[in-house]
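Nothing in this text is a laboratory measurement; each read-out follows from the coordinates by a stated rule. Given the structure is predicted, the values throughout are model-derived calculations rather than measurements. Note that each Cβ is placed from the backbone with ideal geometry, even for glycine, and that neighbours are counted across all protein chains shown.
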C-alpha cells in the first residue's frame, strides 16, 4: 500500500517512462504495430497518432501495473483476513466464508483505490479518474478470484493430510 501511496504522490514527470521507451524502440515500429488501435479513456483519445508511440506504450504499462498491484493487494487482504480469524475458526473456511473473504478484500481494495485517486487529485500535475478506480477494482476482482480459486484447489489437494487448514 505504501508503494501505491508513494507513486500517487509523484508527479507524472517524476515517473514517466517515455524517455526509456523512446531509447529502446522506434516511433515507426510502434506505429506499424499499433497504428490502427484507438480508443477513449478518461475523455481523451488514446492512439499512437494522438499521444505518440512511446506515450501509447507507457499508457498500457502504467495501466497494467495498476491492475496487477490491485490484484496483489486483494490477495494480500484475503490472506490478512484469513490470518485474523479466531484460532478456533482458522481450520474451517467454507465456500460461504471464502465468498465473504473475497467480498471484503475487493471492498477494501476499492476503498483504497478511491482514496488513492483522491490523494492523486491533490498532487500537482496528476488527475483523478473514475476509470482508474474501475480498472483498479477489476484488478482486485481478478486477483481475489485467483486467490480464492488457489485456496480451494490447495484445500482439495491437501484434504485429509496433517496441517490441513481449509474445509
Inset, instruction - Express in nm, to one decimal, how much length is gained between residue 20 and residue 44 on full extension, taking 0.36 nm for each residue of separation and deducting their alpha carbon distance. - result: 6.3 nm
Inset, instruction - With a Förster radius of 35 Å, plug the Cβ-Cβ distance of residue 152 and residue 114 into 1/(1 + (r/R0)^6) and report the FRET value to the nearest 0.05. - result: 0.75
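Tell me, what is the FRET efficiency for residue 33 and residue 84 to the nearest 0.05, using R0 = 45 angstrom and their Cβ-Cβ distance as r?
Rounded to the nearest 0.05, the efficiency is 0.45.
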Legend entry - Per-selection Rg to Rh, the range 94-147 - Cα, Kirkwood hydrodynamic radius: 1.12
Inset, instruction - Taking each pair of different alpha-carbon atoms in the range 2-158 once, compute 1/r for the pair, average those values, and report the inverse of that mean as the Kirkwood hydrodynamic radius in Å to one decimal. - result: 17.6 Å
